[in-house]
Amino acid sequence: MTGDRIADGLPVVSAEAAAEHIGGDDTVLVSGFGGVGYPKRVLVAAAEADREMSLTVVSGGGVGGEVDDVLIEAGKLARRYPFQTRRASREAINERRVEFHDRHISRLGDEVRLGHLGHPDAAVIEAVAVGEDWLIPSTSIGHTPSFVAAADRLIVEVNGAQPRALERVHDVYQRDLPPNRDPIPVSEPTERVGSARVEFDPEKLVAVVETDRADDPYEFRDPTEADLAIADELGAFLEAELEHDPTLAEAVHLQFGVGSLGNALMGELSGIDFGDREVVYFGEVFQDGLLDALDEGLLSGASATSLALSLEGQERLFEEIDRYADDVVLRPADVSNNPALIEQFGVVGVNSAVDVDLYGNANATHIGGTRIVNGIGGGGDFNRNCRLGIIALPSTAAGGDISRIVPTVSHVDHTEHDHSVVVTEYGVADLRGASPAERMDALIQVAHPDFRERLRAYRDRAFERDGHVPFDADAANEWLD
């Protein structure tokens, strides 16, 4: 690998030799967010090593199979924090073969540095270049700065398949721990206040491993009819907001959740008439739809923590990295998801959920209240702190057999107080200022027509009871059976 990737004198070793620096019961911090920027060789070598291991793995966001899948198959993953996207990890967690604890993304870096998730023994980080006391992350930053600062030992995988020019989009700003923390000095959504490098104590660096493997990121499905209808409803709602909301008079700062629906909604931004307002993306993940928005001139810039692109999207960005680097900024996740910045910029956030109940509570993580999907991710950071928090979801699941508007959710991730609007393909439920009874009526109107009569029957039964919140536990539980 060329000299501009790995500085002279560093401990370049095989993946197998690097894996020997991971102890049998270590807490291992791994880079990666949105399915990109994760290590691809060292944990594979650890999984294949002929020794017993019972590891705790912490990642800021989703990673590839070279982390979760190989360790689970080898029976070497005991505990996982806090967000995962792999089928193997999902199954192992739901079968209780792997312990799992979910956390808000904005808080994770501090919690790791403070030892709240166990002593951070080793960090395995993917980079595009490394020096004696610095590294340059690859396609995501996530919590890499916090992980590097917290870990006793550092292993760096330098990936030659990722362009060194990625450093042009990075803006690494490392925050001090409380109570000695200053405000983040970002006054504009795409302002750069840091550098491309994550710095570290050179004594931590125990191994450097070379790799040239591509990410295994999301594969976005084509938008469904429901996705496109949701986009139309959302677009009409936002255009109406632009007419009367003074905080949107000059600029609009948007955020979309990760996944196929969020990507589809990003891709439909061109259908919204923003007038002469500046439109900037300030969110967690940069997905394929934002490339189109930048190319069309709709967006003037984008700030995120991860280039959560498909393989095709990565190729498109890599080929023109010099052009996109002028408009795209990648930050640490505790900056991209920071509640103060989200509030400061008046972000309009659009996230999804598994289901929403008639009281406005949302479940984003569990099916049937018991089976984990992925994790809460950054949804809570944005829903609660956005100037306008929107939940967008199709009205049904399982081919139309299950309503996603229900009397009561079986697991609560976002309370009725955390967001303002719910959008389905059947309309917009604006819950701002609505009483519990009014929320019920509004949400029934955006449910699938096949379920509205049953939902109204629940509402009528709940209204037979006194109290501010009309609720009937027995009737609600009938939906859970």
Report summary line: Residues of region 71-109 being assigned to a loop (DSSP other than H, G, I, E, B), among the basic types (Lys, Arg) and surrounded by 16 or more Cβ atoms within 10 Å (Cβ to Cβ), in sequence order, are Lys76, Arg86, Arg103
Query raised in the report: Out of curiosity, is Gly262 free of Cβ contacts under 8 Å to residues at least 40 places away in the same chain and surrounded by 17 or more Cβ atoms within 10 Å (Cβ to Cβ)?
Result: no
Report task. Determine if region 230-237 includes at least one residue that is acidic (Asp, Glu), over 30 Å from Val354 (Cα atoms) and in contact with a Ser or Thr (Cβ under 9 Å, 6 or more places away or on another chain). Result -> no
Report summary line: Note on Ile141: of the conditions (1) without any contact (Cβ under 8 Å) to a residue 12 or more places away in the chain; (2) open to solvent by less than 30 Å² (accessible area, probe 1.4 Å); (3) of a type outside the set (S, T, N, Q), unmet is (1)
Query raised in the report: If the Cβ limit is 8 Å and pairs must be 6+ apart or interchain, which residue in region 322-347 that is part of a helix (DSSP H, G or I) pairs with which residue that is of a type in the set (Phe, Trp, Tyr)?
Result: Ala333/Phe33; Val335/Tyr173; Ser336/Phe282; Leu341/Phe282; Ile342/Phe282; Ile342/Phe382
Report task. Could you grab me the full set of residues in region 439-461 that are free of Cβ contacts under 8 Å to residues at least 24 places away in the same chain and open to solvent by less than 50 Å² (accessible area, probe 1.4 Å)? Result -> Ala442, Arg452
Report summary line: Of those in region 223-237 that are more than 23 Å from the chain's Cα centre (by Cα) and of a type in the set (A, V, I, L, M), the residue farthest from Arg387 (Cα to Cα) is Ala229
Query raised in the report: Does Phe318 satisfy the condition of being surrounded by fewer than 18 Cβ atoms within 10 Å (Cβ to Cβ), assigned to a helix (DSSP H, G or I) and in contact (Cβ under 8 Å) with a residue 60 or more places away in the chain?
Result: yes
Report summary line: When restricted to Leu330, Leu309, the only residue at pLDDT below 95, surrounded by 24 or more Cβ atoms within 10 Å (Cβ to Cβ), of a type in the set (A, V, I, L, M) and under 30 Å from Ala149 (Cβ atoms) is Leu309
Report task. From the list Ala150, Ala165, pick out the single residue that is touching a residue at least 24 places away in the same chain (Cβ under 8 Å), open to solvent by 10 Å² or more (accessible area, probe 1.4 Å) and either over 18 Å from Ile6 (Cα atoms) or among the polar types (S, T, N, Q) (or both). Result -> Ala150
Report task. Just need a number here: residues in region 195-237 that are assigned to a helix (DSSP H, G or I), open to solvent by 70 Å² or more (accessible area, probe 1.4 Å) and at pLDDT below 95. Result -> 3
Query raised in the report: Any idea which of (1) of a type outside the set (Gly, Ala, Ser); (2) under 19 Å from Val422 (Cα atoms); (3) surrounded by fewer than 24 Cβ atoms within 10 Å (Cβ to Cβ); (4) under 15 Å from the mean Cα position of the chain (by Cα) is the one Pro339 doesn't satisfy?
Result: (2)
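I'd like the full set of residues that are hydrophobic (A, V, I, L, M, F, W, C) and open to solvent by 10 Å² or more (accessible area, probe 1.4 Å), limited to region 405-435.
Once the filter is applied, which keeps residues that are hydrophobic (A, V, I, L, M, F, W, C) and open to solvent by 10 Å² or more (accessible area, probe 1.4 Å), region 405-435 yields Val406, Val409, Val412, Val428, Leu431, Ala434.
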Query - When residues of region 168-190 are limited to those that are free of Cβ contacts under 8 Å to residues at least 60 places away in the same chain and more than 24 Å from His119 (Cα to Cα), the one surrounded by the most Cβ atoms within 10 Å (Cβ to Cβ) - result: Glu188
Requested in this report: Go through the residues of region 151-166 one by one and say whether even a single one is assigned to a loop (DSSP other than H, G, I, E, B) and farther than 29 Å from Ser310 by Cα.
Outcome: yes
Requested in this report: Taking the residues in region 133-150 that are in a loop (DSSP other than H, G, I, E, B) and in contact with a Leu (Cβ under 7 Å, 6 or more places away or on another chain) as candidates, determine which candidate is farthest from Pro202 (Cα to Cα).
Outcome: Thr139
Query raised in the report: When you look at Gly32, is it in contact with a His (Cβ under 9 Å, 6 or more places away or on another chain) and closer than 26 Å to Ala214 by Cβ, yes or no?
Result: no
Report summary line: Within region 118-157, residues being farther than 19 Å from Pro217 by Cβ and at pLDDT 95 or above number 25
**Report entry** The listed residue being buried (at least 24 other Cβ atoms within 10 Å of the Cβ) and free of Cβ contacts under 8 Å to residues at least 60 places away in the same chain, out of Ala392, Ala364
**Finding:** Ala364
Query raised in the report: So which of Ala74, Ala123 ends up being in contact with a Lys or Arg (Cβ under 8 Å, 6 or more places away or on another chain), among the hydrophobic types (A, V, I, L, M, F, W, C) and under 22 Å from Ala45 (Cβ atoms)?
Result: Ala123
Query - Matching residues, region 111-132, being under 23 Å from Arg384 (Cβ atoms) and open to solvent by less than 30 Å² (accessible area, probe 1.4 Å) - result: Glu111, Val112, Leu117
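The values are calculated or read from the model by the stated rules, or taken from the named source; none is laboratory data. Keep in mind that what you see is a predicted model, and the values were worked out from it rather than measured. Here the Cβ is made from the backbone with ideal geometry for all residues, glycine too, and neighbour counts use every protein chain on show. Heads up: the accessible areas ignore ligands, DNA and RNA and are worked out on the full protein's heavy atoms, side chains in. Shrake-Rupley method; radii C 1.70, N 1.55, O 1.52, S 1.80 Å.
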